[in-house]
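Undergrad: Take a look at the following structure, please.
Each value in this text was obtained by applying a stated rule to the coordinates, not by laboratory testing. Owing to the predicted nature of the structure, the values given are computational and were not obtained by experimental measurement.
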């Protein structure tokens, strides 16, 4: 590996909830540097969650993230001319990244409603261990479980 490893940037907590994971959600949602638009979508979604569930939206979001985070995933490994799907534990930061990605992909795949409403629905579903993001996590973990026989190829 040439050069130095890129430093991990410290992001500031979001202005409304003063929370780092909410700020990360805003950053993942953002397109073309339009942060205020992304913040508006997230805050509107949190208002919808607070209205429908009568709970703290940050707690619902935290629970949704925990339910969407995988603990195992498969990585392709070439051994003796054959490719094996080797189950590996997921690193801490990558667990969060995958959870954000799956929640937002599930949200973006739905059509015909405002983004904030779709995001609120997906977060509430994930908090109840339902929804497309949790289904994706289950699929990934099921795949890792099915390929447990190749775990000895992991290093």
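Undergrad: Please identify, among 141, 55, 85, the residue showing maximal mean-square fluctuation in a Gaussian network model of the chain using a 10 angstrom Cα cutoff.
TA: 55
Undergrad: As I understand it, the value is the acute angle between the Cα axis of helix 57-68 and the longest principal axis of the Cα atoms of the chain; what does it come to in degrees, rounded to 10?
TA: The angle comes out at about 20 degrees.
Undergrad: Given the options 112, 33, 131, state which has the largest fluctuation in a GNM of the chain using a 10 Å cut-off (strictly under) for Cα springs.
TA: Most flexible of the set in this elastic network: 112.
Undergrad: Please state the equivalent ellipsoid semi-axes for the range 20-153: what are the square roots of 5 times the Cα gyration tensor eigenvalues, largest first, in whole Å? Please report the intermediate quantities before stating the final value.
TA: Numbers: eigenvalues 204, 46, 31 Å².
Sorted largest first and rounded, they come to 32, 15, 12 Å.
Undergrad: Just to be sure I understand: with springs between alpha-carbon atoms less than 10 Å apart, which residue in 118, 136, 54 has the highest mean-square fluctuation in the Gaussian network model of the chain?
TA: Checking each option, the largest mean-square fluctuation is seen for 54.
Undergrad: I'd like the orientation of helix 131-146 relative to the chain: the angle between its Cα long axis and the longest Cα principal axis, in ° from 0 to 90, rounded to 10.
TA: 10 degrees
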